[in-house]
1. Work out the mean other chain Cβ neighbour count within 10 Å for the residues of B:177-189 and drop it here as an integer.
2. If each Cα of region A:56-189 is one equal point scatterer, what is log10 of I(q)/I(0) from the Debye formula at q = 0.11, 0.15, 0.18 Å⁻¹?
3. Mark the label point 7 Å from the Cα of A:A37 along Cα→Cβ and return the residues of region A:49-93 whose backbone N is within less than 16 Å of it.
4. Hey, which aspartates and glutamates would be in cross-link range of A:K61, C-alpha to C-alpha under 19 Å, not counting anything within fewer than 8 residues on its own chain?
5. Enumerate the calculated ³J(HN,Hα) couplings along region A:61-70 in order (Karplus 6.51 cos²θ - 1.76 cosθ + 1.60, θ = phi - 60°), each rounded to whole Hz, writing x wherever the residue is Gly or Pro.
6. Sort B:K66, A:K61 so the one with the fewest other Cβ atoms within 10 Å of its own Cβ comes first.
7. Over what distance in Å are the Cα centres of region B:124-146 and region A:133-151 separated?
8. Let me know the shape class of the protein assembly as shown, please: from the alpha-carbon gyration tensor, a ≥ b ≥ c as square roots of the eigenvalues, rounded when a/c is under 1.5, otherwise prolate if a/b is greater than b/c, or oblate.
2 protein chains.
Amino acid sequence: MARAGLPLARIAARPEPAGRSERVREIVAAGLALLAAEGADALTMRRLGDEIGIRAASLYKHLPGKPALEAALVETGLFEMGDALHAVVDAAGPADVVAALLAEYRRFALMSANLYRLATSGRIDRSLLTPGLDGWSGEPFYRATGDPWVAQALFAAAHGAVILEMDSAYSDMSDLDATWRALARAFTT
Amino acid sequence: MARAGLPLARIAARPEPAGRSERVREIVAAGLALLAAEGADALTMRRLGDEIGIRAASLYKHLPGKPALEAALVETGLFEMGDALHAVVDAAGPADVVAALLAEYRRFALMSANLYRLATSGRIDRSLLTPGLDGWSGEPFYRATGDPWVAQALFAAAHGAVILEMDSAYSDMSDLDATWRALARAFTT
DNA sequence: TTGACGTAGCTAACAGCGTTAGCCATAGTG
DNA sequence: CACTATGGCTAACGCTGTTAGCTACGTCAA
C-alpha cells in the first residue's frame, strides 16, 4: 500500500561496476551497437570480431565466452536503466510517481528493445553480473510504491506490458497507451 | 473497470486447428515432450529425429522447418491454455474471477515453463498460427475484467509475474505468493 | 501385370555457430 | 640481451538448420 511522503529515499547504493580494459570496453560497445542495429541473430562472435577488426577467436583473449559478453551487455543496460529510473523517481511527486516511472520504463525498454529482450530472455547467468545490480536497478519500483510486494507486482506488470507492446508491434493496432494508463491506474490507489 | 454481472459470456469462437497428419502429430508430441523435459537447447532437429526414430533431414518431409515446428508447439500450448482459462472463468463468480484467472494462468505457465518461454520469446512467427487463436486464448482476461484495456493490462501483469517467478526460481527467495496477491488486489476494484 | 507416380525414408554435404589448440610477432622488463 | 606476457593469427572440432539427390514402397491406371 502506498504511504504518504513518497517517493521514498534511495537505500541501496549504486554498485561499483567491475573494471574493464580499454579493449573490452570497445568490444562491449561494438556488441551493444550490433545488437541494437541488427538484433540478436546478428550478434555472433565472427560478426563482432569483424566490427572491431579482429578474428572471432581473438575475442577469447579478452572475454571467456559469449555468455560473458551477453552478461556485459545486459550489465550496461541495467546500469543505464537504473540511473534513468532513479532519476525519474527523484524528480516525481507522490501523486504521479507511478505513472512517471512506468512511462520512463516503457520509453527506455522500447528504445533498446533488442537489449531488453536479451536481458529478460532467461539465459543470462545472473552470477556474472555485478553483485547488487539487480536489486539496485529494481529499487525505483520500491521507492515508488513503498511496499516490496506491490513493487514486485508493478515491476512485473511493467515488464509484461513492454513485452506485449514489442510482440504486437507489427501485428496489432490496439491502443497500447490506454493499456499503460490502465496499468498506472490499477497501481495508483 | 469491472462491472456487475461478470464473468462475461464467451464471444470469440474457439478457432478450428489446422488438420495435421498422424506423423506430424507424432512429431509435435515428441517435440513437446523433449522441450518440457530438457529445455529449448535440447530441441534440435537431430535430437527430435532420434526421438521418433528417423533422421533429422526426414523431418523436412513433414514440416517446412524449425520455425514451423516451434509454431506448432506454441499453438498446442495456446489451445490448452485457452481451454483452461476459459473453463476457470466459466466456473468463477464475479468477486473472485480475477484471482482465479491469475492463479490458473500462473499454474499453467509454470507447469510448462519451457513452452511458455518459447511462446513468449518473440521469435514465433504469429502468421504461422491458426487465425484467431491469439484473440481467443486471451479472451478470458476480457471476460474477467469487462474492459479491453484493463484486460490487456492484467494479461501483461500476469505474464510479467510469470517471467519474474521463472527468473528468480533459482536465485531469489522472495515471496512470490505475496506478489501475486498484490497483483490480484490491484486489479480487483 | 506392368508402368507411373507420389510418399517418406536415407546419406552426404554446406554454411554458419561457439570454441579450442597451437603458432608467432611485438612490447615491456630483469 | 634474454624472458615473458599479451594479443593477434590460422586451422580445426563438433554442433546447428537445411538442401540435394537417391531409393524403396504403396497406390492407382492402363
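A short reminder: the numbers here are calculations on the coordinates, not readings from a lab. Computed from a predicted model, the values in this text were never measured in an experiment. Quick reminder, even Gly has a Cβ in these numbers, built from the backbone with ideal geometry, and neighbours come from all protein chains shown.
1. Values: counts 1, 6, 9, 4, 3, 12, 9, 1, 6, 10, 6, 1, 2.
Per residue, the number of nearby Cβ atoms from other chains is 5 on average.
2. Taken in order of the listed q values, log10 I(q)/I(0) reads -0.44, -0.76, -1.02.
3. Residues A:49-54 fall inside that zone.
4. Straight-distance partners of A:K61: A:E22, A:E26, A:D50, A:E51, A:E70.
5. With the stated coefficients, region A:61-70 comes to 6, 10, 9, x, x, 5, x, 5, 4, 4 Hz.
6. On the way: B:K66 15, A:K61 8.
The fewest-first ordering by Cβ neighbours comes to A:K61, B:K66.
7. For region B:124-146 versus region A:133-151, the Cα centre distance is 32 Å.
8. The shape class here is oblate.
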